[in-house]
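The values are calculated or read from the model by the stated rules, or taken from the named source; none is laboratory data. These figures come from a predicted structure and were not determined experimentally. Using ideal geometry, Cβ is built from the backbone for each residue, glycine included, and neighbour counts are taken over all protein chains shown. To get the accessible areas, we keep the full protein, side chains included, count just its heavy atoms, and leave off ligands, DNA and RNA. Shrake-Rupley method; radii C 1.70, N 1.55, O 1.52, S 1.80 Å.
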Amino acid sequence: MESFYITTAIDYVNGSPHLGHAYEKVLADVIARTKRMMGTRAYFLTGTDEHGQKIQQSARAKGVPTQQFVDSVAAEFVALTKLLNLSNDDFIRTTESRHQTVVRDCLQKLYDKGEIYRAEYQGYYSTRQEQFLQEKDRLPDGRWPEIFGEVTEITEANYFFRLRNYQAWLVGYIEQHEDFVFPAHRRKSLLEFLSEPLNDLCISRPKERLEWGIPLPFDENYVTYVWFDALLNYYSAVIDRGLWPADYNIIGKDILIPAHGIYWPIMLHALGLPPPRTLLVHGWWSINGEKMSKSTGNYVDPVEFCRTWSVDSLRYFMIREMAVGQDSDFSLQQFLVRYNSELANNLGNLVNRTLNMTTRFAAGVLPAAELAEDPERELQALWPRTRDEFLALSAGLQFHTALERAMQFVTATNAYIERRAPWKLAKDTSPAGLALLKTSLATMAEALRLSASLFWPVIPTVADKIRAGLGQPPLAAWAGELDWGGRLAGVSVQPVEILFPKPPADKVPAKS
Ligand code: MSP
């Protein structure tokens, strides 16, 4: 079986998960589930980034030992994977020893090869912020901003990775590998950035300034720079599985340059390993047209949101609304538009009608279609077009338009029901009336089964509930499931709870 390895960025554990984290993980999940539906063995990794100054500072601000702090926040991220129904095969934490061992081995290997050297670094240092400053950080009058407190010029020895030596190799690699960055405009920005000379990368922090990190194997007075540590998670998690290189490293647009687009491929190349096949770079969510920010309260908590609505409605909205690679805005109004018009009134309505009419007009047993006239022929002809477009769009990561196509098929099925009006046919007791009634019930049920199969990677719980309503087992693969047929004839339908309940009045924003 063909195999496929997909990763997400690992999230900093200095705060609780937000919508941006949730989106990226759901996107990876949709891709992994789509691959599995196609019969590929997909391995899906996510995790948390737990070292570095920001994390040490957050723990200190809370007055909690750092390990205890990261354990509690990491638990929230693990809980999110369950809540969002992610099908990840592993969850890596950079504080785990399996990761630390690999990071230290890689550092030692690079050090032994002469790729890492020690040098003195001179610069301005803010003790309050525990960071080196640059000339650009000065105020126009030459003073340092208040937040930096006392700034002193210090000289410090550190370890540097010979990034610069690999610049020409990286440019050549990106030029020869069009698929290395998706979407294409991000690849262009990366190449533009690489038109300026690179500096070597400082990969150490002295322990007296930062304790919370992986000690360098060749000098225990230093810990590893957090990005050098974090990037290696994609490799350390699968070192014993032979899965490297990753097919997709999914990341947000803010961490392409320089971390994933420059440090990461060069680190791998220097280690004698191939780069990931594709860096899949997604855009950012704003909330109500403004930057997402916890401090201003312009923020969506995915846990609370899923409790109020449902996991699948959040998953659907995020994947339907955002074109992969572009930015999008999240607002409750826009969520409700899609929730009501697409999920509740279109898909939910088709489910209710199919199950209720089968119960009322056929004693709960799906009949076989007895004929095919224009309405049936038209819907059946729309199906392979929908399916083929859906699959091609999904393969090209255009999930938002793929979902649109699938929803159009649901709309066409609801229109078919209006056209046939089974509630009228049920009053016609002639053999022709009965044949049409049976045909219309069979047709809508088959169309619903097929639609649910397409929706499965995005809304797996809902899709499997629909299948259960049609007496079908949970979906395991698309093979054999995407052709129009008559398998539902004779099946007893089962009751299904309301999939998309009417929003509670207090949750619906007043119209402005
Ligand atoms: N820890 C680093 C990544 C290390 S990967 C070896 C990091 N963490 S993060 O928690 O700040 O961000 C994790 C991911 O969430 C990133 O890919 C980032 O782009 C994404 N998002 C953060 N805010 C986002 C939005 N507002 N919208 C969409 N994604 C966003 O960076």
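Is one or more of the residues making up segment 333-343 of a type in the set (Gly, Ala, Ser), open to solvent by less than 50 Å² (accessible area, probe 1.4 Å) and at pLDDT 95 or above?
No, that holds for no residue.
If we keep just the residues of segment 244-279 that are within 18 Å of Val171 (Cα to Cα), open to solvent by 10 Å² or more (accessible area, probe 1.4 Å) and β-branched (Val, Ile, Thr), which is farthest from the ligand (Cβ to nearest atom)? Across segment 244-279, the extreme among qualifying residues is Thr278. Anything in segment 313-334 that is over 22 Å from Ile251 (Cα atoms) and either within 18 Å of the chain's Cα centre (by Cα) or of a type in the set (D, E, K, R) (or both)? List them, or say none. Result: Ser313, single match.
Across segment 38-73, the qualifying residues are those that are charged (D, E, K, R) and in contact with a strand residue (DSSP E or B) (Cβ under 7 Å, 6 or more places away or on another chain), and the one among them that is most open to solvent (accessible area, probe 1.4 Å) is Arg41.
Annotation: Lys291 fulfils all but one of (1) open to solvent by 30 Å² or more (accessible area, probe 1.4 Å); (2) more than 17 Å from the chain's Cα centre (by Cα); (3) within 20 Å of Glu76 (Cβ to Cβ); the unmet one is (3).
Considering the conditions (1) more than 16 Å from the ligand (Cβ to nearest atom); (2) open to solvent by 60 Å² or more (accessible area, probe 1.4 Å), Pro367 is excluded by exactly one of them, (2). Taken as a whole, the structure leaves Ser331 outside the set of residues that are closer than 19 Å to Ala32 by Cα, touching a residue at least 12 places away in the same chain (Cβ under 8 Å) and not β-branched (Val, Ile, Thr).
Being touching a residue at least 12 places away in the same chain (Cβ under 8 Å) and out of contact with any His (no Cβ under 8 Å at 6 or more places or on another chain): is that true of Gln53 here? It is true that Gln53 is touching a residue at least 12 places away in the same chain (Cβ under 8 Å) and out of contact with any His (no Cβ under 8 Å at 6 or more places or on another chain).
For the condition under 18 Å from Met267 (Cα atoms), among the aliphatic types (A, V, I, L, M) and free of Cβ contacts under 8 Å to residues at least 40 places away in the same chain, Leu198 does not qualify. Going through segment 183-199 one residue at a time, which ones are surrounded by fewer than 16 Cβ atoms within 10 Å (Cβ to Cβ) and either more than 28 Å from Met322 (Cβ to Cβ) or at pLDDT below 95 (or both)? The answer is Ser195, Glu196, Pro197, Asn199. Within segment 377-392, residues that are closer than 17 Å to Met37 by Cβ have Cβ atoms under 6 Å from residues that are open to solvent by 40 Å² or more (accessible area, probe 1.4 Å) and assigned to a helix (DSSP H, G or I) in these pairs: Thr386/Arg405; Glu389/Arg405; Phe390/Arg405, counting only partners at least 6 apart in sequence or on another chain.
Pairs linking a residue in segment 416-432 that is part of a helix (DSSP H, G or I) to a residue that is basic (Lys, Arg), with Cβ atoms under 7 Å and 6 or more positions apart or on different chains, are Ile417/Arg353.
Considering only residues that are within 15 Å of the ligand (Cβ to nearest atom), over 21 Å from the mean Cα position of the chain (by Cα) and open to solvent by less than 40 Å² (accessible area, probe 1.4 Å), which ones fall in segment 210-243?
Gly213, Ile214, Thr224, Val226, Phe228, Asp229, listed by residue number.
The single condition from (1) more than 16 Å from the ligand (Cβ to nearest atom); (2) more than 28 Å from Leu403 (Cβ to Cβ) that Thr48 fails is (1).
Just one of the listed residues (Leu403, Leu482, Leu488) is part of a helix (DSSP H, G or I) and not polar (S, T, N, Q), and it is Leu403. Filtering Glu120, Glu115 for residues that are open to solvent by 90 Å² or more (accessible area, probe 1.4 Å) and of a type in the set (Asp, Glu) leaves a single hit, Glu120. Please enumerate the residues belonging to segment 346-364 that are open to solvent by 60 Å² or more (accessible area, probe 1.4 Å) and touching a helix residue (DSSP H, G or I) at 6+ places or on another chain (Cβ under 9 Å). Arg360 - this is the single residue of segment 346-364 that is open to solvent by 60 Å² or more (accessible area, probe 1.4 Å) and touching a helix residue (DSSP H, G or I) at 6+ places or on another chain (Cβ under 9 Å).
Of the residues making up segment 74-84, those that are open to solvent by less than 70 Å² (accessible area, probe 1.4 Å) and either part of a helix (DSSP H, G or I) or without any contact (Cβ under 8 Å) to a residue 24 or more places away in the chain (or both) are Ala74, Ala75, Phe77, Val78, Ala79, Leu80, Thr81, Leu83. Scoring Ser286 on the criteria (1) more than 13 Å from the ligand (Cβ to nearest atom); (2) at pLDDT 95 or above; (3) small (Gly, Ala, Ser); (4) open to solvent by 10 Å² or more (accessible area, probe 1.4 Å) leaves a single failure, condition (1).
If I ask for residues that are in contact with a strand residue (DSSP E or B) (Cβ under 7 Å, 6 or more places away or on another chain) and open to solvent by 10 Å² or more (accessible area, probe 1.4 Å), which ones from segment 294-323 would you list?
Asn298, Tyr299, Val300, Glu321
Within segment 1-37, the set of residues being assigned to a strand (DSSP E or B), open to solvent by 20 Å² or more (accessible area, probe 1.4 Å) and within 21 Å of Glu304 (Cβ to Cβ) comprises Tyr12 only. Taken together, the residues in segment 426-461 that are under 22 Å from Leu314 (Cα atoms) and open to solvent by 10 Å² or more (accessible area, probe 1.4 Å) amount to 2.
Condition first: of a type in the set (Val, Ile, Thr) and within 14 Å of the ligand (Cβ to nearest atom). Now tell me which residues in segment 301-355 satisfy that. Outline the logic, then answer.
Restricting attention to segment 301-355, the residues satisfying the condition of being of a type in the set (Val, Ile, Thr) are 303, 308, 311, 319, 324, 337, 351, 354.
Hits for segment 301-355 are Ile319, Val324.
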